[in-house]
Amino acid sequence: MNDSGGWIGRSTPRREAKRLAEGRGRYTDDLEVANVGHVAFLRSPHPHARIRRIDGAAAGKSPGVIALVTGDDLAAVCKPWQTQLALFPGHSSPPQHPLARGEVCWQGEAVVAVVAVTRAQAEDAVELIEIGWTELPAVATIEAAAEPDAPTAHSAMASNLGLDHAFAAGDVDAAFSGAAVVVEHDFSFERQTGVTLEPRTIIAEFDRRTRRLTVHHSHQVPYQMQEVFAAQLELPLDHVRVVTPDVGGAFGMKLSAYPDEMAVAALAVHLGRPVKFTADRLESFVSDIHAREAKVHGRLACDAQGNLLGMEVSVRTGLGAYSNYPRGSVGEALQAVHMSAAPYRLSNFRGSARSYFQNKVPTGVLRAVGQPIACTVTEQLIDLAARALMIDPAELRRRNYARDGKKNALSPGGIVLSELSLERCHARLLQLMDYDKLRRQQQELRGQGIYRGIGLAAFIEQTSVGPALYGAQQVRVSAHESCRLSLDPAGGIRCATSITDQGQGTRTALTQIIAEEIGADPAIVDVVSGDTGATPFGGGAWASRGASLGGEAALRAARKLKQNILTIAGSLLQAAPAALNIEGGAIINTAGLAQMSLAEVAAAALYRSHMIPLDDVPPLEIIESYAPRDVPYVCANGIQAASVEVDPSLGTIRIRAFWVVDDCGRVLNPLLVDEQIRGGVVQGIGAALYEQCIYGESAQLENGSLMDYLVPMASEMPDIHVAHVETPTSTSTLGARGVGEAGAVGAAAAIWTAVNDALSPLGATVTSQPFTPEHLLTRIALAKAAKP
């Protein structure tokens, strides 16, 4: 019924086929937990409304129902949380509860939880719940949220403005007033979401006798969540164990403390029994964090020789209903400003960022966080300047790159750059793609009415992020990584790492580092991760840190363990440790002859240490931790290129080929690195051409299923050619920089510049991603209408 307060139940009927088709969590489906209760949520059908009454009487009597729980019920178990950032005191997000209390602020917010013997029974019961709603004005767009008289997205807020930030360097006004060429462009980036292979899944079990909570969680950062669960449920930290052993994709989306997942943990405590929840795909679209919603205006000034003089960017982003906990939702806007122009020499820069709350799904971390926006804005402005100056766009970039090899310089936006290789990457890319030949073909085909475009995108990728990022914000997120390495009695090597793996192959990389450093067969190295009860403390997987930080900790531990093994072996063999080595799991002498096995060394040290002629027998278990301290992060760099063909009569785009030259420092495993880059490129293709969370004027999501939300499939993936320049970072012994987000940083930007290059003979430019046929046809028509 209408906003006078009629009863409205769940609008989406249960369909058995939907449950089977949408799938559940991967490893958690295989995890057998006795007496587990399955959770289904009644989610708000309204973007903004007051909850007048909840009537669950009929639902409570439904077959198989164990409990029906509201936000008021869980308030006695779980405290509300509120995102706060020390460096941005004006960024105030309303207190948030596991289940909405009194007010819902986005379509899809969880309101009531039903626990039943099976998921099907829980969903059936949810359909019987009746809720009285009073609809409130909803704020859908950034523009609407920014209006002075706009209704607030939450009744506890005085304004929708969640971030107001500015940065400046040099004399920007003088740079623009004295420029030979000034170009500007408007950019619109639509919302995306992660669409991970495995949806969000959680099983929580609470032992009332010992008051210990165990959570199996499809998540990236178990130690963060251990702290969050302990704090909000008021449990001792050591009474909470979080297990995240094998997660099927995350992309940053699984860094958040989600309200419905907090509700599951609270339900386990409240009921004293195991509880499980898996978000199906329909739920995921209205509950998983969204990202990338931004409006940007950019300007660039150049002199007549093509030297960059000044740049100005104005960024506005949408936050959704709440700021993502605990890391906040402002990173997108801040990175979009500060990462702009990062690959280039530029003395004068000004940027501003404003972010607004809306009645939409909260935004948060998605692969590369704001860097794709900054890269796109920068690279498109570079291309427009090249066109105005009649300089080849590759040449204009080459003239302006930040200097290779320089240590700890600052980018125009204040980003710390060190030991770059942009000029070498640039030269390698032009050779790899045969740039000159592609340009000649492009000109020939234009005479035949075939519109091909070549797009370039130089990029800086922030990787190996250290404690300065969240530590300065007083957010309790660990940035160091740890490795516990031991030699077991059978001669096997056991590694417990704080790094987690969501498909990146991090455990494979650590196995390789440890085996190569010690001199052992990789088959005897066993790596355990993702368990606060079994692994050392650390940050987990985020910001391209797995191999670069976790690998450095593993390398340091492996070196110490190897030295201890050789010290013990030397004492037993009456040889100097320096005269021994380890190969294939055997201790060998300088002649290469095997003297004893690792198992024999372990047995002597662990069972017969009194027989070892040493005053102190060195340990065969080592713990090492690592975090960059001299720099806040380690930047990688590279350049990407796309070749596209546009059909101006249909508005279609075909990506013909794609190239990447990346410098991630020491390449540990070429196959893993190349596929990480390719995966990021495909996500960038999705952003540029397909992915979009479409909201109507009333803030209702209109395409919340994989029938309507498009993601790139195998048929849309071009050949992606990858090459490398290797500049090991001097910040670590390993020399590896991160690579997990490299492909995603520059891919969409390369497609932007390629498409606009293809459209340049028509005088048209795209301004909004994804580039739908409708958008292309509209922009072409506007260009034709503007011609005299």
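The values are calculated or read from the model by the stated rules, or taken from the named source; none is laboratory data. Since we're looking at a predicted model, the values are computed, not measured. Please note: Cβ atoms are built from the backbone with ideal geometry, for glycine as well, and neighbour counts cover all protein chains shown. Heavy atoms of the whole protein, side chains included, go into the accessibility calculation; ligands, DNA and RNA do not. Shrake-Rupley method; radii C 1.70, N 1.55, O 1.52, S 1.80 Å.
Take the conditions (1) at pLDDT 95 or above; (2) open to solvent by 20 Å² or more (accessible area, probe 1.4 Å); (3) not in a helix (DSSP H, G or I); residue 407 misses just one of them, which is (1). Residue 591 - would you say it is more than 30 Å from residue 497 (Cβ to Cβ) and open to solvent by less than 50 Å² (accessible area, probe 1.4 Å)? Spelling it out, it is not the case that residue 591 is more than 30 Å from residue 497 (Cβ to Cβ) and open to solvent by less than 50 Å² (accessible area, probe 1.4 Å). Of the residues in the range 348-362, none is part of a helix (DSSP H, G or I), basic (Lys, Arg) and surrounded by fewer than 23 Cβ atoms within 10 Å (Cβ to Cβ). Checked against (1) over 23 Å from residue 697 (Cα atoms); (2) touching a His at 6+ places or on another chain (Cβ under 9 Å); (3) open to solvent by 40 Å² or more (accessible area, probe 1.4 Å), residue 135 meets all criteria but (1). Taking every residue in the range 481-508 that is under 12 Å from residue 620 (Cβ atoms) and pairing it with any residue that is basic (Lys, Arg), at least 6 positions away or on another chain, the pairs with Cβ-Cβ distances below 7 Å are 486/494; 488/494. State whether the residues of the range 773-784 include one that is in contact (Cβ under 8 Å) with a residue 60 or more places away in the chain, more than 21 Å from residue 385 (Cβ to Cβ), among the β-branched types (Val, Ile, Thr) and open to solvent by less than 20 Å² (accessible area, probe 1.4 Å). Yes, the range 773-784 contains a residue that is in contact (Cβ under 8 Å) with a residue 60 or more places away in the chain, more than 21 Å from residue 385 (Cβ to Cβ), among the β-branched types (Val, Ile, Thr) and open to solvent by less than 20 Å² (accessible area, probe 1.4 Å). When restricted to residues that are of a type in the set (Val, Ile, Thr) and either farther than 26 Å from residue 301 by Cα or modelled with pLDDT under 95 (or both), the range 333-375 contains 4. Taken together, the residues in the range 201-226 that are open to solvent by less than 20 Å² (accessible area, probe 1.4 Å) and out of contact with any strand residue (DSSP E or B) (no Cβ under 7 Å at 6 or more places or on another chain) amount to 4. The residues in the range 100-149 that are among the hydrophobic types (A, V, I, L, M, F, W, C), part of a helix (DSSP H, G or I) and more than 16 Å from residue 69 (Cα to Cα) can be counted, and the count is 5. Of the numbered criteria (1) touching a helix residue (DSSP H, G or I) at 6+ places or on another chain (Cβ under 9 Å); (2) open to solvent by 10 Å² or more (accessible area, probe 1.4 Å); (3) over 30 Å from residue 49 (Cα atoms), the one residue 325 fails is (3). Pairs meeting the criteria (first residue in the range 128-139 and more than 19 Å from residue 150 (Cβ to Cβ), second residue surrounded by fewer than 21 Cβ atoms within 10 Å (Cβ to Cβ) and among the aromatic types (Phe, Trp, Tyr), beta carbons under 7 Å, at least 6 apart or on different chains) are 130/7; 131/7; 132/7.
With respect to (1) crowded, with 20+ Cβ neighbours inside 10 Å; (2) outside any loop (DSSP other than H, G, I, E, B); (3) at pLDDT 95 or above, the lone exception for residue 439 is condition (1). Kindly evaluate residue 237 against the criterion of being aliphatic (A, V, I, L, M), open to solvent by 10 Å² or more (accessible area, probe 1.4 Å) and free of Cβ contacts under 8 Å to residues at least 24 places away in the same chain. For residue 237, the condition - aliphatic (A, V, I, L, M), open to solvent by 10 Å² or more (accessible area, probe 1.4 Å) and free of Cβ contacts under 8 Å to residues at least 24 places away in the same chain - is met. Residues of the range 188-232 that are touching a residue at least 60 places away in the same chain (Cβ under 8 Å), in a helix (DSSP H, G or I) and small (Gly, Ala, Ser): 231 alone. Mind listing just one residue for me: the one in the range 102-155 that is among the polar types (S, T, N, Q) and within 23 Å of residue 271 (Cβ to Cβ) and, of those, farthest from the chain's Cα centre (by Cα)? Among them, the one singled out is 121. Put simply, of 444, 461, 395 the only residue that is closer than 17 Å to residue 641 by Cα, surrounded by fewer than 18 Cβ atoms within 10 Å (Cβ to Cβ) and not hydrophobic (A, V, I, L, M, F, W, C) is 395. For the range 297-321, taking the residues that are within 23 Å of residue 143 (Cβ to Cβ) and open to solvent by less than 10 Å² (accessible area, probe 1.4 Å), the one that is farthest from the chain's Cα centre (by Cα) is identified as 298.
The residue that is nearest to the chain's Cα centre (by Cα), among those in the range 440-478 that are more than 24 Å from residue 677 (Cβ to Cβ) and among the small types (Gly, Ala, Ser), is 478. Scanning the range 155-187 for residues that are closer than 30 Å to residue 102 by Cβ, touching a residue at least 60 places away in the same chain (Cβ under 8 Å), open to solvent by 20 Å² or more (accessible area, probe 1.4 Å) and part of a loop (DSSP other than H, G, I, E, B) turns up 156, 157.
Screening the candidates 510, 487, 549, 561 for the property of being in contact with an Asp or Glu (Cβ under 7 Å, 6 or more places away or on another chain) and either open to solvent by less than 10 Å² (accessible area, probe 1.4 Å) or of a type in the set (S, T, N, Q) (or both) yields one hit, 549. If you go through the range 410-436 and pick out every residue that is within 21 Å of residue 338 (Cα to Cα) and assigned to a helix (DSSP H, G or I), you end up with 1. Annotation: of all residues in the range 752-772 being surrounded by fewer than 24 Cβ atoms within 10 Å (Cβ to Cβ) and of a type in the set (A, V, I, L, M), the one that is nearest to residue 711 (Cα to Cα) is 759. When 705, 715 are screened for being under 18 Å from residue 253 (Cβ atoms) and hydroxyl-bearing (Ser, Thr, Tyr), only 705 passes. Could you tell me whether the range 735-751 includes any residue that is more than 25 Å from residue 252 (Cα to Cα) and either buried (at least 20 other Cβ atoms within 10 Å of the Cβ) or touching a Gly at 6+ places or on another chain (Cβ under 7 Å) (or both)? Within the range 735-751, none of the residues are more than 25 Å from residue 252 (Cα to Cα) and either buried (at least 20 other Cβ atoms within 10 Å of the Cβ) or touching a Gly at 6+ places or on another chain (Cβ under 7 Å) (or both).
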